[in-house]
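Chemist: Below is a structure I'd like to ask you about.
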Amino acid sequence: MTAAFVPPDAWAETAGQLRQSASVTLDATGSGTVMFTPNNANQRWVVTRIVITTNQAATATVVPYCTPALNSNDITTMSQGNQIGTSWAGNNDQFTGAQDVGPCDNLSVIFYPPPGSSPAQIAALHGVTATAVVTGTRYTRRA
């Protein structure tokens, strides 16, 4: 699957499978961020799937929202232009579609309490482990 970026004809790229995962423990505000970035300046990614989960029970009444974003790491300061999507089911969901992540970009997966949460609901999210798995294609420029 391709995204919007088309490399110049002069580029010789090697394609490989992209699969990265990271976890974060939600803090006292019920928030946490995991960040992913290409390995070097000659690499770009086309992310086609982000799978998100938490270690909460299936019957949990308060689950975090989740927003993947490009070059943002905080939901309160993020530009809407950087937002890739939002899930109200941050304990078990996925995002699909092609998203370019360039060599100078970072892809963040931001977990946060549902808007309008009470202090007790936010407290219920403290200590929850949230995980994101990013898959797609990694392109490394060789020439």
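The values are calculated or read from the model by the stated rules, or taken from the named source; none is laboratory data. Everything numeric here is computed off the predicted structure, so don't read it as measured data. Every residue, glycine as well, gets a Cβ built from its backbone with ideal geometry; the counts of neighbours run over all protein chains shown.
Chemist: Name the residues in the stretch 101-126 that are assigned to a strand (DSSP E or B) and either in contact with a helix residue (DSSP H, G or I) (Cβ under 8 Å, 6 or more places away or on another chain) or within 12 Å of TYR65 (Cβ to Cβ) (or both), would you?
Modeler: Kept after step one, since they are assigned to a strand (DSSP E or B), are these residues of the stretch 101-126: 101, 107-112.
Answer for the stretch 101-126, where residues must be assigned to a strand (DSSP E or B) and either in contact with a helix residue (DSSP H, G or I) (Cβ under 8 Å, 6 or more places away or on another chain) or within 12 Å of TYR65 (Cβ to Cβ) (or both): VAL109, ILE110, PHE111, TYR112.
Chemist: What's the number of the condition ASN106 fails, among (1) in contact (Cβ under 8 Å) with a residue 40 or more places away in the chain; (2) exposed (fewer than 15 other Cβ atoms within 10 Å of the Cβ)?
Modeler: Status for ASN106: all satisfied but (2).
Chemist: I've got another one for you. Which residue, of ALA89, ALA98, ALA132, is at pLDDT 95 or above and either of a type in the set (A, V, I, L, M) or part of a strand (DSSP E or B) (or both)? Let's see the steps before the verdict.
Modeler: Details: ALA89 fails: at pLDDT 95 or above; ALA98 fails: at pLDDT 95 or above.
Checking each option against the conditions leaves just ALA132.
Chemist: Any residue at all in the stretch 10-23 that's in contact with a strand residue (DSSP E or B) (Cβ under 7 Å, 6 or more places away or on another chain), among the aliphatic types (A, V, I, L, M) and crowded, with 19+ Cβ neighbours inside 10 Å?
Modeler: Yes, because at least one residue in the stretch 10-23 is in contact with a strand residue (DSSP E or B) (Cβ under 7 Å, 6 or more places away or on another chain), among the aliphatic types (A, V, I, L, M) and crowded, with 19+ Cβ neighbours inside 10 Å.
Chemist: Can you tell me which residue in the stretch 68-85 is nearest to TYR112 (Cα to Cα), limited to those that are surrounded by 16 or more Cβ atoms within 10 Å (Cβ to Cβ) and of a type in the set (Val, Ile, Thr)?
Modeler: The qualifying residue nearest to TYR112 (Cα to Cα) is ILE75.
Chemist: Tell me, which residue of the stretch 1-48 that is of a type in the set (D, E, K, R) and at pLDDT 95 or above is farthest from the chain's Cα centre (by Cα)? Explain how you work it out, then say what you get.
Modeler: Step one: list which residues in the stretch 1-48 are of a type in the set (D, E, K, R), which gives 9, 13, 19, 27, 44.
Among the residues that remain, those that are also at pLDDT 95 or above are: 19, 27.
On the way: ARG19: 12, ASP27: 18 Å.
Checking each candidate, the answer is ASP27.
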